[in-house]
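Okay, so here's the structure we're looking at.
The values are calculated or read from the model by the stated rules, or taken from the named source; none is laboratory data. Computed from a predicted model, the values in this text were never measured in an experiment. Glycine also receives a Cβ, built like all others from the backbone with ideal geometry; neighbour counts cover every protein chain displayed.
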Amino acid sequence: MLGHINIKFTLFLLSVLALSGCSNSLVVNAKFPKPVSEPIGITMGVVYSDELKNYTYEEKEDERSKWKIGIGEAHQTLFENVFEEMFANSQKLSTLEENSANLDLVLFPTISEFQYSSPRETHSKIYEVWIKYNMQVYTGNGDLVADWIMSAYGKTPSAFLKSREDAMNQAIVIALRDLGASLVSGFTKVPEVKSWLEQKRAPQSDDTDTFEDESSGNQAALLTLNRNHNFN
Amino acid sequence: MKTRVMNCLVVFASILFAGCTSLTIDEHRTSEDRINIESDQTVVVLGRRHSSEYETEPSLISCVGNVLKRGSDGLNVMSESEFVDALYPWFEPRTAPLHVNDLGRFLDDSTIHGTMEALNVSYIIWIDGQTETTDSSGSIGCSISVGGAGCFGFGTWDKESDYEAVVWDYRNRKTEGQLSADASGTSYMPAIIIPIPIIARVQNSACKGMGAQLKSFFATQE
């Protein structure tokens, strides 16, 4: 009787092991440094939608390993880190409807696509990750200012002596750092955003008092905009 | 006890039969004089990561940094990850300066320049390249039976390292010199019951050669 139970238990263990051999579950664990960036003198709302926060990629193709990767939380960590330093003020919003006239702009980021390649597919030692985003920027009154696509890329320096989860985690962290780099170095270069910022600065050269009233009394923001205006 | 003796023999044989590597270093300096560097001035060694085809191994970068740090004339070297995090995101693959003149944008930006000054970074050494296996042949078969386990066969593989290093003077925005290191070696693995690896440490050889040569660019002062 005892032997019969042991055989059943062994079979159960073997089947669990066999199944776990082709499925990987990962919630990305990431820490990001604060960016070195001169804050843009505006109040920016950032929408952390449930869709973004809970974004999980699930592999559906039969021929590939059954990856289940939670990347939403890591995105929120990155955005909070980056936007805190990138803008004079940043506020978290849960939905676009929380938009208000107190905010200069509102950024609504969404993940539109996630792709990866594993060493088995590329015959190299590395994992690679591509993530595509849709970025929308609205005014505080809800008018669309800009709508553009961004992409991020990351790869593990080497998957040697790493578990598959660790290697994938590292590739995703590098992709997210790449996203942060794109945002910090490229946000003000998006033509529509650039044009909006120029318009925002324009009244200040004609009448600084009027601009002070419009800037919600934010002295830091005012100083930054003044300085940027002088540089331009 | 027997196993311990066997393990010791394997380690001893590995050390004794380390494969040979050959290393060639070419260098070019803009000045014959060595660069005078204060002991508190920081040097960073960074790997190029902008190519999707390959990337300079972090292990090599850290190895070169360690060679530069070593000894009484060792330089004050900041680790790559610490530096890249402190200057995030300006030394990411997407944003890192590719030419020495690109440093101008850092000197012009008070926030970035302020951070560089706080870290007292004077020289940036970029290393670009990789070590790869270029050829391999032979086969080793292992089997386990009730009587015991063992391997039999012979394997060999060639590795080549190809690196280029360039030294930037951050404050004066100029290249102080550059060097290239080419190393190659063949590793062997004969197996008669136990496999005996005779490894050619190609990357390590390139690291030590480059590190020593780069160190000779500098003259440390108290």
Based on what the data block shows, is B:Ser110 of a type in the set (S, T, N, Q) and more than 17 Å from the chain's Cα centre (by Cα)? yes
Qualifying positions in the range A:146-183 - crowded, with 18+ Cβ neighbours inside 10 Å, away from chain B (no Cβ under 11 Å), in contact with a Lys or Arg (Cβ under 7 Å, 6 or more places away or on another chain) and modelled with pLDDT of 90 or more: A:Ala171
Restricted to the range B:74-114 and to residues being among the aromatic types (Phe, Trp, Tyr) and within 7 Å of chain A (Cβ to nearest Cβ), the residue farthest from B:Asn36 (Cα to Cα) is B:Tyr88
Single residue of the range A:144-186 satisfying the filter (more than 16 Å from the chain's Cα centre (by Cα) and among the polar types (S, T, N, Q)) that is farthest from A:Asn29 (Cα to Cα): A:Ser158
Criterion first (part of a strand (DSSP E or B) and either among the aliphatic types (A, V, I, L, M) or buried (at least 18 other Cβ atoms within 10 Å of the Cβ) (or both)) does B:Asp158 satisfy it? no
With the condition being out of contact with any His (no Cβ under 9 Å at 6 or more places or on another chain) and farther than 30 Å from A:Arg164 by Cβ, I'd like the strands (runs of 3 or more DSSP E) fully within the range A:60-148 carrying at least 1 qualifying residues. A:87-93, A:105-117, A:128-139
Checking the condition within 14 Å of chain B (Cβ to nearest Cβ) and surrounded by fewer than 20 Cβ atoms within 10 Å (Cβ to Cβ), which residue from A:Thr56, A:Thr95, A:Thr122, A:Thr110 passes? A:Thr122
Being more than 9 Å from chain B (Cβ to nearest Cβ), polar (S, T, N, Q) and out of contact with any strand residue (DSSP E or B) (no Cβ under 9 Å at 6 or more places or on another chain) is the filter here, so list the residues in the range A:23-48 that pass it. A:Asn29
Among the numbered criteria (1) surrounded by fewer than 20 Cβ atoms within 10 Å (Cβ to Cβ); (2) farther than 17 Å from B:Ser52 by Cα, which one does A:Phe187 miss? (1)
Residues to consider are A:Lys200, A:Lys194; find the one that is at pLDDT 95 or above and out of contact with any Lys or Arg (no Cβ under 7 Å at 6 or more places or on another chain). A:Lys194
Among the residues of the range B:115-131, count how many are within 13 Å of another protein chain (Cβ to nearest Cβ) and small (Gly, Ala, Ser). 1
Among the residues that make up the range A:131-143, is at least one of them over 20 Å from the mean Cα position of the chain (by Cα), within 14 Å of chain B (Cβ to nearest Cβ) and hydroxyl-bearing (Ser, Thr, Tyr)? no
